[in-house]
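Bear in mind these aren't lab numbers, they're just calculated from the coordinates by the rules spelled out. These numbers come from a predicted model, not from an experiment. Cβ placement follows ideal geometry from the backbone for every residue including glycine, while neighbour counts extend to all protein chains displayed.
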Amino acid sequence: MTTGVDKFVKHVQTTVMRMFLVFFLALLLSACDLVNRSIPSFRESGELVVITRNSPTVYYEDAQGKYAGLEYDLASLFAQDLGVRVKFVMVPEFNQILPLLKKKQGHMAAAGLTITAEREKTVRFGPAYQIIQQQVAYSTYALRPKGIKELLGKRIAVVAGSSYVERLSLLKQQYPQLAWEEKSQQESEELLGEVADGMVDCVVADSHVIAVAQNYHPNLEVAFDLGKEERLAWAFPRDVDAELYDKAKAFFARIQKDGTLLRLLDRYYGHLERLDTADVSTFLEKMNTTLPEFRKLFQRAQEITDIDWRLLAALGYQESHWDPLATSPTGVRGLMMLTGDTADSLGVSNRLDPKENIPAGARYFQSIKDALPARIGEPDRTWMALAAYNTGQGHLSDARVLAEQIKLDPDSWTDLKKSLPLLSRPAYSKKAKHGYARGGEAVIFAENTRTYYDILAKFEPPYKPMLSAGRGGKY
């Protein structure tokens, strides 16, 4: 039997429950409003909010645990020009970038976006800063598809929401049997790895992305280009702040004129096409079979110099393919290929002993870096030191003088790659203090070492000694 007290208690409970539901709904609506609310202008907040994604061609953590990537560098420089802080909002999936931008959760998107007619309907693109080509990648363990018709029936994978989907959709109108799978949880780099492992037959990706992946997957190759060349650019909301958009145009005009953009493109992509498939395959094999014997010695050399052991290992491989008994016709010997004079100056009694040779080579490389003008920053300082390790400090100095004479920047590795090869020409070498030099070989030496370092940084973990007697250098 229900009493009056029971009815009262039930009434109170019902009322409380209703109040709780109203309160909960209010909180939910408030939270949704906060999520969808546009961020304040960059001037009002003193902060440039940049939507981006994690990719080795966009925004990533480098071998030293610092943020890097072409988009990271460009956006950071742009924020400096604006006189504000930069905040990166990294999305987990590529197809979330433009929807988030349209909701004005960022002032712009710097994420390696291709300018397409479909995207231009919803966002506004800034100036193009890189030309790329969509390509079809396949594994050389399978037959190469020579055209669209040979893709029919193949297992094709692409990133969901990408420009590749737009291109394939247009082609499907002509080839109705063309089919592909759109992956929302993966980036092109992962999908290219699946091609190399035989999990899918083909992947459509941008040329620079494939070039990077080929350093890690030597059986990855380009079947053919898909369509015409395209351009990458930053994306802004359609009703972008006029001041921000004008500043972006002025920024790109400046960095194109003063060479900053060229140097950044060279930093990330300038060394990618130096090695062929056989070079990469051999290196990956020796990384597993030969490197373990010397890993601790390279790590000990890092303790002495504070130079990343993987860079020292890359240098050692470029010099001798990790052969401790290597000897050149000119008498340079050992794993790090030391001259007799260099070995004597470093107190090395046996150049063929890797326990002496590796730390000595590391100290010699460090001394070259130390001798460069303090104003030269990283990574240019390291790439120049690699070239000097090969050709000598005197010839590097000549190349820097020559760079200045021909109106190039002597402190930029991008520009020294142009002046160093000129030292093999009589018109220039006769005027150089140290005479003729095979400067082109020094450039290839440095660029190959960079690529080997990239591969090691991907597959080998960094070394963090408990106590270091290091010198405090980034590389």
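Taking the range 346-455, which chymotrypsin sites (Phe, Trp or Tyr not before Pro) meet the DSSP loop condition and have no more than 16 other C-beta atoms within 10 Å? Let's see the in-between values first.
Details: sites: TYR364, PHE365, TRP383, TYR389, TRP413, TYR428, TYR436, PHE445, TYR452, TYR453; in loops: TYR436.
Sites meeting the loop and neighbour criteria: TYR436.
In degrees, nearest 10, range 0 to 90: what is the angle between the Cα axis of helix 163-174 and the longest Cα principal axis of the chain?
80 degrees
Sum -39500 (n - 2.57) across every DSSP H segment of at least 4 residues in the chain, then divide by the residue count to get the 222 nm mean residue ellipticity, nearest 500. Numbers along the way, then the final one.
Details: 19 runs with 231 residues, N = 475.
Computed ellipticity for the chain at 222 nm equals -15000 deg cm²/dmol.
Could you check the spin-label model distance between PHE224 and GLU404? Points 7 Å from the Cα along Cα→Cβ, value in nm.
Taking the two extended label points, one gets 5.3 nm.
Counting other C-beta atoms within 10 Å, and keeping those with at most 16, which DSSP coil trypsin sites (Lys or Arg not before Pro) do you find in the range 360-452? Walk me through the numbers on the way to the answer.
Values: sites: ARG363, LYS369, ARG375, ARG381, ARG400, LYS407, LYS417, LYS418, LYS430, LYS431, LYS433, ARG438, ARG450; in loops: ARG375, LYS407, LYS430, LYS431, LYS433, ARG438.
Qualifying residues, ordered by number: ARG375, LYS407, LYS430, LYS431, LYS433, ARG438.
FRET efficiency for LYS102 and LEU265, Cβ-Cβ distance as r, R0 = 30 Å, nearest 0.05? Show your work: numbers first, answer last.
Working: r = 29 Å, r/R0 = 0.96.
Efficiency computed from Cβ-Cβ geometry: 0.55.
What FRET efficiency do you get for THR116 and LYS296 if R0 is 60 Å and r is their Cβ-Cβ distance, rounded to the nearest 0.05? If you can, show how the numbers build up before the last one.
Working: r = 51 Å, r/R0 = 0.85.
The computed FRET efficiency comes out at 0.75.
Please list the non-local residues whose amide H lies under 5 Å from the amide H of LYS87, H modeled 1.01 Å from N, same-chain partners needing a gap of 5 or more.
LEU48, VAL49, VAL50
Can you give me the convex hull volume of the Cα atoms of the chain, divided per residue and expressed in Å³?
Considering the Cα atoms of the chain, their hull volume per residue is 244 Å³.
Kindly provide the GluC sites (Glu not before Pro) of the range 283-389 that DSSP labels as loop, not H, G, I, E or B, and whose Cβ sees at most 11 other Cβ atoms within 10 Å. Could the numbers behind the result be given before it?
Values: sites: GLU285, GLU293, GLU303, GLU319, GLU356; in loops: none.
Taking the range 283-389 and a limit of 11 other Cβ atoms within 10 Å, no loop GluC sites (Glu not before Pro) are found.
Please give the length that would be gained between ASP279 and SER349 if that part of the chain were fully extended, namely 0.36 nm times their separation in residues minus their C-alpha to C-alpha distance (nm, one decimal).
My answer for the length gained is 22.0 nm.
For the chain, build the charge dipole from Cβ charges (+1 Lys, Arg; -1 Asp, Glu) around the Cα centre, then report which of THR449, SER424, PRO237 sits farthest towards its positive end.
Result: PRO237.
Treating the angle as unsigned and between 0 and 90°, give the value, to the nearest 10°, between the Cα long axis of helix 380-391 and the longest Cα principal axis of the chain.
Tilt relative to the chain: about 30 degrees.
Working from Cα positions, state the angle (0 to 90°, nearest 10) between the long axis of helix 393-405 and the longest principal axis of the chain.
Helix 393-405 and the main axis of the chain meet at about 60 degrees.
At a Förster radius of 22 Å, what calculated FRET efficiency corresponds to the Cβ-Cβ distance of THR339 and GLU441, to the nearest 0.05?
On the way: r = 16 Å, r/R0 = 0.74.
Efficiency computed from Cβ-Cβ geometry: 0.85.
Mind listing the long-range amide H neighbours of LYS183? Cut-off is under 5 Å, sequence gap 5 or more, other chains count too, H placed in the peptide plane at 1.01 Å from N.
Amide H neighbours of LYS183, under 5 Å, 5+ apart: VAL158, VAL159, ALA160.
Taking the Cα-to-Cβ direction at ALA371 and at SER45 and moving 7 Å from each Cα, how far apart do the two end points lie in nm?
It is 5.0 nm.
Can you grab the distance from the C-alpha centre of the range 141-193 to the C-alpha centre of the range 209-256, Å, no decimals?
Spelled out, the Cα-based centre of one part sits 20 Å from the other.
Mind listing the long-range amide H neighbours of ARG124? Cut-off is under 5 Å, sequence gap 5 or more, other chains count too, H placed in the peptide plane at 1.01 Å from N.
Answer set, sorted by chain and number: PHE236, ARG238.
With charges set only on the Cβ (+1 for Lys and Arg, -1 for Asp and Glu), what does the dipole of the range 277-459 come to about its Cα centre, in debye to the nearest 20? Intermediate results must be reported in sequence, preceding the final value.
Values: 23 positive and 23 negative charges, 75 e Å.
Dipole magnitude for the range 277-459 comes out near 360 debye.
What residues of the range 175-193 lie in the reach of a label at ARG144, counting those whose backbone N is under 20 Å from a point 7 Å from the Cα along Cα→Cβ?
Answer for this model: 192-193.
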